[in-house]
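Only one structure is covered here, and it is reproduced in the block below.
The values are calculated or read from the model by the stated rules, or taken from the named source; none is laboratory data. The shown structure was predicted, so the numbers you read here are calculated from the model rather than taken from an experiment. Cβ coordinates were reconstructed from backbone atoms using ideal geometry, including for glycine residues, and neighbour counts include every protein chain displayed.
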Amino acid sequence: MTAEAVVSKRPAGRRLAGLFYGRPRLQVGALLVAPGAWLVVLYLGSLALLLITAFWTVDPLSGEVVKGLSAENFEALVNEPVYRDIVWRTVRTAILVTLTDAVIAFPIAFYMAKVASSRGKAILLVAVLMPLWSSYLVKVLSWRTMLSQDGVINWVLEPFGLHGPGYGLTAVWLVMSYLWLPYMILPIYAGLERIPDSLISASEDLGASPFTTFRRVILPLAFPAVVAGSIFTFSLTLGDFITVRLVSNSQFIGTVIASSITNDLPFAAALALVPIVVMIAYLAVARKLGAFEHV
Amino acid sequence: MRRKDAHPARTAWLIVAGLVVFMLVLAGCGSSSDSSTGGSDNELQKLGKGEGELNLISWAGYVEEEWTKPFEQESGCTVNDKVAGTSDEMVDLMKTGQYDGVSASGNATARLVAANEVDPVNVSLVPNYKTIFSDLKDQPYNTFDGVHYGIPHGRGANLLMWNSNSVKPAPTSWDVMFDPTMAAKYKGQISQYDDSMSIAEAAVYLKFHQPDLEIENPYELNEEQFDAAVNLLKEQQPNVGEYWSDAAKQIQAFGSGDNEVGTTWQYQYFALQEEGVPVAASPASQGFLPKEGATGWSDTWMISSKAKHPNCMYMWMNYIVSPKANAEVAEYFGEAPAQSLACDKTANKNFCTEYHADNPAFWKRVYYWETPLAECGNGEDDCMDYNDWVKAWTSIKG
Amino acid sequence: MRLSRKAQALLRLVVGLGMAFIYIPLIVIGIYAFNSSKILKWPPPGLTLDWFSKAFESESARESLLTSIEAGVVATAIALLLGTLAAIAVARHRFFGRETVSFLVILPIALPGIVTGVALSNTFTQVLGIPLSLLTVIVGHATFCIVVIYNNVVARLRRTSGSFEEASADLGATTWQTFRLVTFPSMKTALAAGALLAFALSFDEIIVTTFTIGAGEETLPIWIFRNLFRPKELPIVDAVAVIVIVISIIPVYLAHRLSREEGGGVAGKGGGGRVEAEATAIP
């Protein structure tokens, strides 16, 4: 048999491997073509289309999208004070929820990572993960019933002459802090886990009180993880409309988008650009703060 | 040789920019949605066999088992119903092209026709149409350019409902919701309909209490009248507990005591009474109307231009306005039936009288939901159109 | 870390309160599932098991459950494929645009769901002209599930050395053989844990689903949403929710066991839970 015949009779697998050999960029290309097509063409393409749609308008009677370029929607967003109020209200709530969750999640994550026994850690981990599996809607419904006039919260507070917050912005803040808490606990837990115990012991050996160790060793090292978790709490709050509708009467970015999409799609698209811009900026800041580096 | 990509966000944006250009070309070149011509040539000419299925969009309480089951047995068409809370939702659902028909109110009919989402209805294929009350036929909300676009279902007024234990004395006017001093007494407990049609409610109120605004038709408002109505609602906003669009959600809210007074439909009123909640509304002797009158609706069954089961839809339209079925749905929901012969079939023999089914004069004080257009009755084009209404509604809610 | 007794007690208290905060609403819903009255007044007047039997009988609940499972399985499968491919590319190669890929993969989950939902729905109906259906839902779900798989696999690949694969290639294995016999076994538990989390996300997803689902289909969250305010159906919804929570103990436990198995060459204590934690963290 000639060498050529041997080469050409190689099975497909070998030929493929030979093709890739020495051509790392071809390998990368082959690996990325499918996810690339999905994410870039479909997903980013959809975002691009949204951007274009934001420049279209809608016929007032038929509701048909008119494909002429117009800055009408953006003018409305900028000039009408109500939209500024709505955006600020949403962003403000997102900040509050993020801070609240960070404050609640940190001790829990800290206990899980550094204090609990190995068995305690396992139990707590399962305990924190379980609610992720219960339906978001049901959790919101539960809060809606708890917050109602005849609900649990009022029932508990009445003997003390107090009153629950009822529905409204406070309820939105409360419920969202509740809903996104596991998304904050888990990254902080992972981040704290990565801090070697030896560092902490060293700090203690050098004479630092637990509080000082916490402040000057643990917190700075865990901060990127907190930022990573905050991406979720912030983003989830920014776009939510179901919780807002169920426990309050307020208009958030999400509720206005959801209700505008039925009769004014271009306007909804224009408004949808706001959370996109906010999140891109947030992600850029988060990257600078180190949320994207670990392992 | 391998440059590190230090600005992933920037690279991503470049990709997006490229895609924007790509999409512009795609969207521009792409064929626009099929703009089929309307007109009588799209009417069904002959009724064929049922297709076995029917997908409807309706208001809560319009499609209930009680009268749907007999229809399914008779026609062989299995009925799937999607309940919508506002006309906007209905229009949006119709645009998906996945439904055969819809029970549309006046603030949806014109828009559906303009968007070619519905076909004209060949009323000769709907025998029960003949005996429908004459003041429901050939109305501007169901007949366009002389062409019939639907079969009247029934009509009603929006109700002022209150919790009789907490709201005293019993209101006879809308001022309990719109007068700033009175509304403040029920701060956080007022339930207002979450749709721009509420602007018309404010306009009805102002028509009575501020005659110098010269409001004739609460849906044809020039800028001054419109601003007055919008301001009234902005003053109401701090007192509103819930803007409702889901009937069942409002039932829950009144039932749990979170809301004490609000606009509603008979459907919720009956449901709450059944649950033993102490609700009251303006009595039948007053025509269920507070002294200013009220907004209301006259609903029309329309057939989708993309209907996959047109024969079943025609059968349904004929069935739902047949005397027995129309009587059942009217009594269940609490509205005046469209079918004149239904009045003999109602369980309550006084039903039609109470609901003024055969009393055109009564309906002059009920302002059916309409699509606001720029062209007013006065020949001028300076009225606010639907987009203005919708945008204003967002700023009212704050 | 050495904490004083007081500090430890305080910490335990805070953790206890935190856990109570997390579980009380779930318990409340659990109690309502046994509520004998249809009105949501607290406290419930009586207890009954009726709703559970009605939940099992409800055809629409069963159908929506099956639809959710179907969507979850397919979306997870797609995400497994695409996420793994992207992760291998990023973890094992250096190339221009590597950070961009990392950034792009996160976008679907970092941007609010409503944006993804509106954008995809817009593309489907306006540009592609395809009607919304379960397929479009699956596409939507797969898009944000990719990152979950990606995170897990990248984290795992970064912890294991690429030299094993190079050695395998040196020994004459083809690309596929190397993947099958070297890379894949080391990723198995990461893939499994990621798949479970991706399935969970898809199973519970409502926002993107609302915008991408066709009129005739229902996933379980859509079914729940539709029935949230139907007085007759609400207790059944509660019962269904309780059933789902109880059954979900199994996958959570499985995910946990899988991450524990990944003992091996992991530095530092507590390999357990790290995989789940990393799945939700950023690469």
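For this structure, a couple of remarks:
- From the options A:Leu238, A:Leu199, A:Leu186, A:Leu181, residue that is more than 30 Å from B:Gly241 (Cα to Cα) and facing chain C (nearest Cβ under 9 Å): A:Leu186
- Every condition in (1) part of a helix (DSSP H, G or I); (2) surrounded by fewer than 17 Cβ atoms within 10 Å (Cβ to Cβ); (3) in the same structural domain as B:Leu289 (by TED's automatic domain parsing) is met by B:Val390 except one, and the failing one is (2).
- Boolean, C:Leu3 is modelled with pLDDT under 90 and over 30 Å from B:Gly276 (Cα atoms): yes
- Criterion applied to B:Lys308, B:Lys364, B:Lys324 was being basic (Lys, Arg) and not in a helix (DSSP H, G or I), and the one residue passing it is B:Lys308.
- Residue in region A:206-214 that is within 9 Å of chain C (Cβ to nearest Cβ), closer than 20 Å to A:Ala116 by Cα and at pLDDT 90 or above present: no
- Counting residues in region A:167-187 that are at pLDDT below 90, in the same structural domain as A:Thr145 (by TED's automatic domain parsing), more than 16 Å from the chain's Cα centre (by Cα) and closer than 18 Å to A:Phe292 by Cβ gives zero.
- Residue check, A:Leu157 in contact with a His (Cβ under 9 Å, 6 or more places away or on another chain), within 30 Å of A:Thr90 (Cβ to Cβ) and more than 10 Å from chain C (Cβ to nearest Cβ): yes
- Residue list for region A:254-278, restricted to those being in contact (Cβ under 8 Å) with a residue 24 or more places away in the chain, within 12 Å of chain B (Cβ to nearest Cβ) and of a type in the set (Val, Ile, Thr): A:Val256, A:Ile276
- Test result for B:Thr346, assigned to a loop (DSSP other than H, G, I, E, B) and without any contact (Cβ under 8 Å) to a residue 24 or more places away in the chain: yes
- Considering B:Ser340, B:Ser305, the condition of being surrounded by fewer than 22 Cβ atoms within 10 Å (Cβ to Cβ) and within 14 Å of chain A (Cβ to nearest Cβ) is satisfied by B:Ser305 alone.
- C:Phe103 satisfies every condition listed in (1) farther than 23 Å from C:Glu205 by Cβ; (2) out of contact with any Lys or Arg (no Cβ under 7 Å at 6 or more places or on another chain); (3) of a type outside the set (Ser, Thr, Tyr) except (1).
- Residues being of a type in the set (S, T, N, Q) and over 18 Å from the mean Cα position of the chain (by Cα) - total across region C:191-239: 2
- The helices (runs of 4 or more DSSP H) located wholly in region A:101-218 that include 2 or more residues which are farther than 30 Å from C:Pro44 by Cα and touching a Phe, Trp or Tyr at 6+ places or on another chain (Cβ under 7 Å) occupy A:169-193.
- Unmet requirement for C:Ser37, which otherwise passes all of (1) surrounded by fewer than 17 Cβ atoms within 10 Å (Cβ to Cβ); (2) more than 11 Å from every other protein chain (Cβ to nearest Cβ); (3) small (Gly, Ala, Ser); (4) closer than 25 Å to C:Leu234 by Cα: (2)
- Restricting B:Trp316, B:Trp393, B:Trp363 to those that are at pLDDT 90 or above, under 30 Å from A:Phe252 (Cβ atoms) and within 21 Å of the chain's Cα centre (by Cα) reduces the list to B:Trp393.
- Of the strands (runs of 3 or more DSSP E) lying entirely inside region B:150-258, those carrying at least 3 residues that are closer than 27 Å to B:Leu112 by Cα are B:151-157.
- Sole exception among (1) in contact with a strand residue (DSSP E or B) (Cβ under 9 Å, 6 or more places away or on another chain); (2) within 30 Å of A:Thr145 (Cα to Cα) for B:Ile151, by number: (2)
- Qualifying residue in region A:44-58 (condition: within 14 Å of chain B (Cβ to nearest Cβ), out of contact with any strand residue (DSSP E or B) (no Cβ under 7 Å at 6 or more places or on another chain) and surrounded by fewer than 17 Cβ atoms within 10 Å (Cβ to Cβ)): no
- Applying the set (1) part of a loop (DSSP other than H, G, I, E, B); (2) at the interface with chain C (Cβ under 7 Å from one of its Cβ atoms) to A:Gly63 leaves exactly one unmet item: (2).
- Candidate set from region B:232-244 (those that are under 23 Å from C:Leu228 (Cα atoms) and away from chain C (no Cβ under 11 Å)); member that is surrounded by the most Cβ atoms within 10 Å (Cβ to Cβ): B:Val240
- Positions within region B:115-138 being surrounded by 17 or more Cβ atoms within 10 Å (Cβ to Cβ) and closer than 17 Å to B:Trp369 by Cα, in sequence order: B:Leu136
Per-residue answers, yes or no, for (1) surrounded by fewer than 19 Cβ atoms within 10 Å (Cβ to Cβ); (2) more than 17 Å from the chain's Cα centre (by Cα); (3) of a type in the set (S, T, N, Q):
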site	(1), (2), (3)
A:Ser198	yes, yes, yes
A:Ala208	yes, yes, no
A:Phe211	yes, yes, no
A:Ile218	no, yes, no
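- Meets criteria (at pLDDT 75 or above and more than 7 Å from every other protein chain (Cβ to nearest Cβ)) for C:Val246: yes
- Residue within region B:255-263 that is more than 9 Å from every other protein chain (Cβ to nearest Cβ), in contact with a Ser or Thr (Cβ under 6 Å, 6 or more places away or on another chain) and not polar (S, T, N, Q) present: yes
- Residue in region A:22-31 that is more than 10 Å from chain B (Cβ to nearest Cβ), surrounded by fewer than 19 Cβ atoms within 10 Å (Cβ to Cβ) and assigned to a loop (DSSP other than H, G, I, E, B) present: yes
- Subset of region A:72-92 that is buried (at least 19 other Cβ atoms within 10 Å of the Cβ) and within 23 Å of A:Leu174 (Cα to Cα) - its residue that is nearest to the chain's Cα centre (by Cα): A:Thr90
- Each residue in region A:111-136 was checked for being surrounded by fewer than 22 Cβ atoms within 10 Å (Cβ to Cβ), touching a residue at least 40 places away in the same chain (Cβ under 8 Å) and of a type outside the set (D, E, K, R), and 3 of them qualify.
- Residue within region A:279-292 that is in a loop (DSSP other than H, G, I, E, B), surrounded by fewer than 22 Cβ atoms within 10 Å (Cβ to Cβ) and facing another protein chain (nearest Cβ under 9 Å) present: yes
- Only one of the listed residues (A:Leu238, A:Leu186, A:Leu181) is buried (at least 22 other Cβ atoms within 10 Å of the Cβ) and touching a Pro at 6+ places or on another chain (Cβ under 7 Å). That residue is A:Leu238.
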